[in-house]
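Written below as structure tokens is the structure these notes are about.
The values are calculated or read from the model by the stated rules, or taken from the named source; none is laboratory data. Bear in mind the structure is a predicted one, so any value in this text is a computation, not a measurement. Here the Cβ positions follow ideal geometry from the backbone for every residue, glycine too, while neighbour counts run over all protein chains shown. Side chains included, ligands, DNA and RNA excluded: accessible areas come from the protein's heavy atoms. Shrake-Rupley method; radii C 1.70, N 1.55, O 1.52, S 1.80 Å.
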Amino acid sequence: MRKVLRVAFCAGALIGLSGTAFAAGDAAKGKAAYAKCGICHQVGPGAKTLVGPELNGIVGRKAASDATYTIYSAGLKKLGESGFMWTDENIDKWIADPKAMIPDSTMALAFPGIPDANERADIIAYLKTNP
């Protein structure tokens, strides 16, 4: 019985922690960490499309929906057509390992991902400051 309770407690703790990683992001740290994204993506006032689409308002937006960016990969277009939204969790998965989500995307071919969960949370917090 004790083992079952211990497993249930640990599982509950992990579930509780998984939802807080995004809330814990630090936008100021995220702005600095965003430099590696900024090579291809602009964000903020006056942002323009570069190699990749500008990312103002990305959180909560449907995938492949920026009309100013016309060269989305087939995989990303298909994802957008399915109704996929850029939530905190989906952005986190994408920037952790884009190749795992859409192997044929330009980003997957050029960007290895960000393995550090705290850094990803910080970047997401920063993105949220640019509606």
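A few remarks follow.
- Computing Rg and the Kirkwood Rh from the Cα coordinates of segment 73-121 gives a ratio, Rg/Rh, of 0.97.
- Cα gyration tensor category, rounded, prolate or oblate, for segment 40-84 with a/c compared to 1.5: oblate
- Carbon + sulfur, % of accessible area of segment 38-84 - ligands and nucleic acids excluded, 1.4 Å: 61
- On a per residue basis, segment 28-131 carries 53 Å² of accessible surface, using protein heavy atoms and a 1.4 Å probe.
- Diffusion constant of segment 31-131 at 4 °C, which comes from Stokes-Einstein with the Kirkwood Cα-pair radius and 1.567 mPa s, µm²/s: 96
- Summed residue charge, Cβ within 10 Å of Glu54's Cβ, Lys/Arg positive, Asp/Glu negative: 0
- Förster radius 30 Å - calculated FRET efficiency between Ala117 and Lys78, Cβ distance, rounded to 0.05: 0.65
- Where Ser82, Ser105, Ser65 fall by accessible area, highest first, once all protein chains stay in place (1.4 Å): Ser82, Ser65, Ser105
- When the surface is traced with a 1.4 Å probe over the full set of protein chains, Trp94 keeps roughly 20 Å² accessible.
- Counted charge near Asp66, where neighbours are those whose Cβ lies closer than 13 Å (Asp, Glu -1; Lys, Arg +1): +3
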